[in-house]
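Remarks on the structure that follows.
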Protein chains: 2
Amino acid sequence: MAPAYLSGDKAAIEEFLSRFDTFLFDCDGVLWSGDHLFPKVPETLEMLRSRGKRLVFVTNNSTKSRADYKKKFDKLGIPAEVNEVFGSSYSAAVYIARILKLPAPKNKVFVLGESGIEQELDAEGVPYIGGTDPAFRRDIEQSDFDNLANGSALDPDVGVVLIGLDFHVNYLKLATAYQYLQRGVIFLATNTDSSLPMAHSLFPGAGAVGAGVVKAIGKEPLSLGKPSQAMMDAVEGKFHFDRSRTCMVGDRMNTDIQFGIDGKLGGTLAVLTGVSKKEEFLAEGAPTVPAAYVDSLGDLLG
Amino acid sequence: MAPAYLSGDKAAIEEFLSRFDTFLFDCDGVLWSGDHLFPKVPETLEMLRSRGKRLVFVTNNSTKSRADYKKKFDKLGIPAEVNEVFGSSYSAAVYIARILKLPAPKNKVFVLGESGIEQELDAEGVPYIGGTDPAFRRDIEQSDFDNLANGSALDPDVGVVLIGLDFHVNYLKLATAYQYLQRGVIFLATNTDSSLPMAHSLFPGAGAVGAGVVKAIGKEPLSLGKPSQAMMDAVEGKFHFDRSRTCMVGDRMNTDIQFGIDGKLGGTLAVLTGVSKKEEFLAEGAPTVPAAYVDSLGDLLG
């Protein structure tokens, strides 16, 4: 079915909003782009809250913890609570700590990623190595090849490789992750987004940073970010919403909107301020089509 | 058809060798592993030469130039000439200079790789940036995101992104390659090997190093290494052999042996001193099956 275009149509907006109690929001490309807040975003969220809607911010950005996100919301003047934020790093940490429940000490995580992942692992009491450790932020040397191959540079307690967005990715980290995986540890990713919108352009996302490891080992990680339903299950486990009265709002068809469709939510709403253009879902035979779309989130104010 | 097992079978070896005038050899996993020369390799190559066979060393390792390879042959005591070596960096340089023939100055190459690529581009008179330039061996900064996005950090003369094995891969290089590709430049790879045999183990290969760029842009590069027939055409263009009387010798089914089969060579010979195990090609329904195999190259001495 063709998606409903809501911008400028007060009656259609009213009808659409009345169908939902909970709104799951993607952040980047929906609320803001980088450090640029989109017009009327705080007012729109305030309007939804005033009507008794519950808001959850579901983000694949693994470089930030929920606490980091709260700071960003504050800085941009968007009213939100830490508990309303559900990031892919948090999702991964919860999965490792509460679902995998590997017996200590064999529950250590080798992290390819930034401090957001480390903070969430810390919060869930999961031990880790790698991440922002300066010992891994250097060129590989001949002795590393030998010591990785013979295992002496590996920690025998590592049971999981977790890949997220790492701005400090290098050959040593890729090789180390690959070595653990060759020894059979569990392979997880915070998310597998191919690109990252920054500075009005696209940069390599977590999926691109981790692609080297995926290519080397020849298998995909379990993703704990959108559109993986492992994330939907985790969000629902925390917020206990009625899926039929929940709407996913996002800018990317293949992550946000697919996430809502696969999760059998009552609706999905695309905004055109991010990655996907309307041609992508209006085209004949488009693989992912939202229930409705607006030019920008602020259009919901009518 | 099941491959013939030649080790220890003098008559079968004689018959097999008599069918070919030219032997294309993979190097790593066939002649040596890292710095370890396999037994009787120089004697075997000498035996083949004494029977008038032409030898060509066809390697996907892009970190070494033909001159670097010659040094390695010398060091290990393997008699060979620079002109007998055909590496994927040389293959890529020849393709860019003689086939693509982009009009100067728009023929500059952004290199993700080591000095082997640079040497071969130099030899073919192709200008390049990136590669081993220390300016790219650093962390990405906020200003890089801005300057890459607005193009001010990009060279307008770049017409090709060339990906090879880079032990100094980092986010800045991946992002820069991705930015050029978003602007529509030609996408090449020296090879797309997922792994690199080192220290009796496997490390990320050129295909893994470049996988981040492939994932981000969502398309595959044209590979100038095995099993791409672009490389076979280049090898044939230089050596003018009769394909029906040429045999490819290698350790990897999905690169070496597939390369020979796709190239309609008269035969393929697998050796078991490298990546592929015999179970891989003896299995029912194996995708790539060599014409014959030996435990190690030296077994051809009988």
List the trypsin sites (Lys or Arg not before Pro) in the stretch B:100-133 that DSSP assigns to loop (not H, G, I, E or B) and whose Cβ has at most 15 other Cβ atoms within 10 Å. Which are they? B:Lys101, B:Lys106
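Using unit Cβ charges (K, R positive; D, E negative) and no other charged atoms, how large, in debye to the nearest 20, is the dipole of chain A about its Cα centre? Before the final figure, lay out the partial values.
On the way: 31 positive and 39 negative charges, 105 e Å.
Here chain A has a charge dipole of around 500 debye.
Counting only DSSP beta bridges with both residues in the protein assembly as shown, tell me the antiparallel percent, nearest 5. Numbers along the way, then the final one.
Working: 12 of 82 bridges.
Within the protein assembly as shown, antiparallel bridges account for around 15 percent of the total.
What longest region of chain A stays clear of GluC sites (Glu not before Pro) that DSSP places outside H, G, I, E and B and that have at most 16 other Cβ atoms within 10 Å? Walk me through the numbers on the way to the answer.
On the way: sites that count: A:Glu81, A:Glu124, A:Glu141, A:Glu284.
For GluC sites (Glu not before Pro) (loop position, at most 16 other Cβ atoms within 10 Å), the longest site-free span of chain A is A:142-283.
Efficiency by 1/(1 + (r/R0)^6): what FRET value for B:Thr132 and B:Gln229, r their Cβ-Cβ distance, R0 = 35 Å, to the nearest 0.05? Spell out each step's value before the answer.
Numbers: r = 30 Å, r/R0 = 0.85.
Taking R0 as 35 Å, the efficiency between B:Thr132 and B:Gln229 is 0.75.
Using Cα pairs closer than 8 Å and at least 6 residues apart in sequence, work out the relative contact order for the stretch B:89-223, in percent.
Computed value for the stretch B:89-223: 24 percent relative contact order.
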Nearest 10 degrees is fine. How inclined is helix A:229-239 to the longest principal axis of chain A, computing both from alpha carbons? 70
What is the helix-to-structure angle for A:41-50, meaning the angle in degrees between its Cα long axis and the longest Cα principal axis of chain A, kept from 0 to 90 and rounded to the nearest 10? 70
Hey, got the dipole for the protein assembly as shown? About the Cα centre, +1 on K and R Cβ, -1 on D and E Cβ, debye to the nearest 20? 380
Set Lys and Arg Cβ to +1 and Asp and Glu Cβ to -1, take the dipole of chain B about its Cα centre, and tell me which of B:Ile140, B:Val275, B:Tyr128 lies farthest positive. B:Tyr128
Where both residues lie in the stretch A:89-223, what percent of DSSP beta bridges are antiparallel, nearest 5? 20
For B:Ala12, what charge total do you get from the other residues with a beta carbon under 12 Å from its beta carbon, if Lys and Arg give +1 and Asp and Glu give -1? -2
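Expressed as a fraction of 2.2 N^0.38 Å, the rule-of-thumb size for a compact globular protein of N residues, what is the C-alpha radius of gyration of the stretch A:89-223?
Working: Rg = 14.2 Å, N = 135, 2.2 N^0.38 = 14.2 Å.
Relative to the 2.2 N^0.38 Å estimate, the stretch A:89-223 comes out at 1.00.
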Using +1 at the C-beta of Lys and Arg and -1 at the C-beta of Asp and Glu, which of B:Phe167, A:Leu265, B:Ala230 has the Cα lying farthest in the positive direction of the dipole of the protein assembly as shown? A:Leu265
One decimal, nm, nearest first: from B:Pro39 to the same residue in each other copy, label points 7 Å out along Cα→Cβ, the values are 7.9
Can you tell me the orientation of helix A:66-76 relative to chain A, as the angle in degrees between its alpha-carbon axis and the longest Cα principal axis, to the nearest 10? 40
Percent antiparallel among DSSP beta bridges with both residues in chain B, to the nearest 5? 15
Quick one: label points 7 angstrom along Cα→Cβ at A:Asn83, distances to the other copies in nm, smallest first? 7.9
Which net charge results for the neighbourhood of B:Gly298, defined as the other residues with beta-carbon distances under 10 angstrom from its beta-carbon, given Lys and Arg at +1 and Asp and Glu at -1? -2
As a check on your reading of the symmetry: which chain B residue has its Cβ nearest the axis that brings B onto A, and how far is it in Å? B:Ala211, 2
For residues of A:210-223, the mean tally of beta carbons on other chains within 10 Å: 5
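Place the peptides B:154-164, A:156-166 in order of packing, highest mean first, counting for every residue the other Cβ atoms within 10 Å and averaging per peptide.
Details: B:154-164: 22.1, A:156-166: 24.3.
Ranking, from highest mean packing down: A:156-166, B:154-164.
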Give the whole-number value, in cubic angstrom per residue, of the convex hull volume spanned by the C-alpha atoms of chain A. 127
Using only Cα atoms, locate the centre of the stretch A:47-90 and the centre of the stretch A:1-31, then give the distance between them in Å, rounded to an integer. 19
About its Cα centre, what dipole magnitude does the stretch A:89-223 give when the only charges are +1 on Lys and Arg Cβ and -1 on Asp and Glu Cβ, stated in debye to the nearest 20? 400
Compute the distance from the alpha-carbon center of the stretch A:247-294 to that of the stretch B:133-166, in whole Å. 32
Copies compared at A:Gly8 - label distances in nm, ascending, label defined 7 Å from Cα in the Cβ direction: 8.3
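For the cross-link pairs A:Lys106/B:Lys277; B:Lys10/B:Lys71; A:Lys64/A:Lys173; B:Lys101/B:Lys219; A:Lys75/A:Lys219, which exceed 28 Å when the distance is taken from alpha carbon to alpha carbon?
Values: A:Lys106/B:Lys277 31 Å; B:Lys10/B:Lys71 33 Å; A:Lys64/A:Lys173 20 Å; B:Lys101/B:Lys219 22 Å; A:Lys75/A:Lys219 40 Å.
Long pairs (Cα-Cα over 28 Å): A:Lys106/B:Lys277; B:Lys10/B:Lys71; A:Lys75/A:Lys219.
Provide the FRET efficiency to the nearest 0.05 for the A:Glu81-B:Met47 pair, computing r from the beta carbons and using R0 = 56 Å. Kindly include the intermediate steps, with their values, before the conclusion.
On the way: r = 77 Å, r/R0 = 1.38.
That pair, A:Glu81 with B:Met47, gives E of 0.15.
Quick check: net charge around B:His240, other residues with Cβ under 15 Å of its Cβ, Lys/Arg +1 and Asp/Glu -1?
Values: positive: B:Arg54, B:Lys238, B:Arg243, B:Arg245; negative: B:Asp21, B:Glu84, B:Asp233, B:Glu236, B:Asp242.
Around B:His240, the charge tally is -1.
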Those residues of the stretch A:153-197 whose amide nitrogen sits under 16 Å from the label point placed on A:Ala104, 7 Å along Cα→Cβ: A:157-159
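Since every read-out is calculated from the coordinates, none of them should be taken as a lab result. As the structure is a prediction and not an experimental result, all values here were calculated from the model. FYI the Cβ positions are ideal-geometry reconstructions off the backbone, even for glycines, and counts take in every protein chain you see.
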